[in-house]
1. Which ones in segment 361-418 are buried (at least 19 other Cβ atoms within 10 Å of the Cβ), under 21 Å from residue 466 (Cα atoms) and either over 26 Å from the mean Cα position of the chain (by Cα) or touching a residue at least 40 places away in the same chain (Cβ under 8 Å) (or both)?
2. Quick check on residue 469: is it out of contact with any strand residue (DSSP E or B) (no Cβ under 7 Å at 6 or more places or on another chain) and touching a residue at least 24 places away in the same chain (Cβ under 8 Å)?
3. Name the residue, out of 459, 489, that is closer than 19 Å to residue 8 by Cβ, in contact with a helix residue (DSSP H, G or I) (Cβ under 6 Å, 6 or more places away or on another chain) and outside any loop (DSSP other than H, G, I, E, B).
4. What helices (runs of 4 or more DSSP H) lie completely within segment 1-117 and have 2 or more residues being in the same structural domain as residue 201 (by TED's automatic domain parsing), within 16 Å of the ligand (Cβ to nearest atom) and modelled with pLDDT of 95 or more?
5. Determine whether residue 346 is at pLDDT below 95 and either surrounded by 18 or more Cβ atoms within 10 Å (Cβ to Cβ) or part of a helix (DSSP H, G or I) (or both).
6. When residue 261 is evaluated against the numbered criteria (1) crowded, with 22+ Cβ neighbours inside 10 Å; (2) within 16 Å of the ligand (Cβ to nearest atom), which criterion, by number, is the only one it fails?
7. Taking segment 276-315, which residues are crowded, with 18+ Cβ neighbours inside 10 Å and not in a helix (DSSP H, G or I)?
8. Going by the structure shown, is residue 412 closer than 24 Å to residue 322 by Cα, modelled with pLDDT of 95 or more and in contact with a helix residue (DSSP H, G or I) (Cβ under 7 Å, 6 or more places away or on another chain)?
Ligand SMILES: [Zn+2]
């Protein structure tokens, strides 16, 4: 059998690993490359293998860096099955639709910029009021809140300018979804005549799975295990990453293992519940809003879950919670639909008492933009959870516009804020002001063409990460009942992947860090 690494090789995104044996060509994940725009766009455009020769896809979970190119491979002729867990299938529907919409609007914006560029040129070389310039100016005017796509298209065509097409659209997503086959965990799924795959819990996000591919290659039994992304033990809602594999899955010829935090530790785990409790009580006492930017998938539901627990325990005043994220609301419903994957604690705390952790009196899902606007002006103490997680776009920015300059409000940071994002500036400036005892002029943040003093209190809670850290990754190997022949370290920045490979070697494992398109025979 040949295994080739077509993504997430010495980087974090674009997961895609191809296992070829006999008549089978099985792809583990089909993820999108993310990061620097131009570079990723180039890598995403074309598969380095023949899309229509892939026979099946095994999908570890619904995150876009693992599932984001499924619609593209489908568009390019892949017609096999996409095999995943039931929860992953349900989450995929919304994340892939969302991804298609982002692709479409990104392409529309780039085309708008091309047309605008032509207008600037015309303004320079000819009369501003030339017919051409006027036509472009007309085409660039939005219709309502939206770009006039048809008019912009016509301008590009008339001026012989190249048009950017989205990687895929909502129709491609529909076709992709019809190819998905969803199964429970620990249920062997037949692939062709020589293979089976079985999913074990990965504890990373709802539906995430460790896959073990069982094959017969020229009469010889082989096992390839793919961790996908590994979660942390003792997280709310989800079961811990599986350590107990069935007897026939314990001898692994090749383990393809993630290494996002292969060279780092998460640090002291903070008690999320205690910190969240403190933030809610402060907001209540100050008569303010507790504003939480959060990713729509994962973080949002963990917050709702813990808040519900605190309400049931009567540990905090029952402030109304508003989830102001249309995508977040849909995904929260999916969480509610899949109690079969909850851990023991969730069963005890909620299900045994006949409660749905994600549906209770105090939680409200804002539906329309009008409702969201009304909420921004709400004066009574309340909690808002909204996206995007890094405050780069979305409704969270509008909430910040209304709340950031008032000292009675609290902005709670619960997620990773990447460099150069608005969320990172908010976090850094806010924490600096807090650490200096809020003395002197407050920091200023610029957005929506205005400057706002950051007077709301910024609080950070760590410990929400969905990825195992170095020690937990090693812990997974040591505590599980797997006997592993060889480990391919993927899904980590080069430094992290190489460092983790070294750690593994020191521990006596045979490990290596494949490069893009590198392959090995097992
Ligand atoms: Zn992930």
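1. 385, 386, 387, 388, 389, 390, 391, 412, 413, 414, 415
2. Working: out of contact with any strand residue (DSSP E or B) (no Cβ under 7 Å at 6 or more places or on another chain): yes; touching a residue at least 24 places away in the same chain (Cβ under 8 Å): yes.
In short, yes.
3. Working: 459 fails: closer than 19 Å to residue 8 by Cβ.
Just one listed residue meets the conditions, 489.
4. Numbers: elements: 37-45, 64-67, 70-75.
Per the criteria, 64-67.
5. On the way: at pLDDT below 95: no; either surrounded by 18 or more Cβ atoms within 10 Å (Cβ to Cβ) or part of a helix (DSSP H, G or I) (or both): yes.
When the stated conditions are applied, residue 346 does not pass them.
6. (1)
7. 288, 289, 290, 291, 292, 293, 294, 295, 296, 297, 298
8. On the way: closer than 24 Å to residue 322 by Cα: yes; modelled with pLDDT of 95 or more: yes; in contact with a helix residue (DSSP H, G or I) (Cβ under 7 Å, 6 or more places away or on another chain): yes.
Against the criterion (closer than 24 Å to residue 322 by Cα, modelled with pLDDT of 95 or more and in contact with a helix residue (DSSP H, G or I) (Cβ under 7 Å, 6 or more places away or on another chain)), residue 412 qualifies.
The values are calculated or read from the model by the stated rules, or taken from the named source; none is laboratory data. Nothing here was measured: the structure is a model prediction, and the numbers come from that model. Virtual Cβ from ideal backbone geometry, glycine too; neighbours counted across all protein chains shown.
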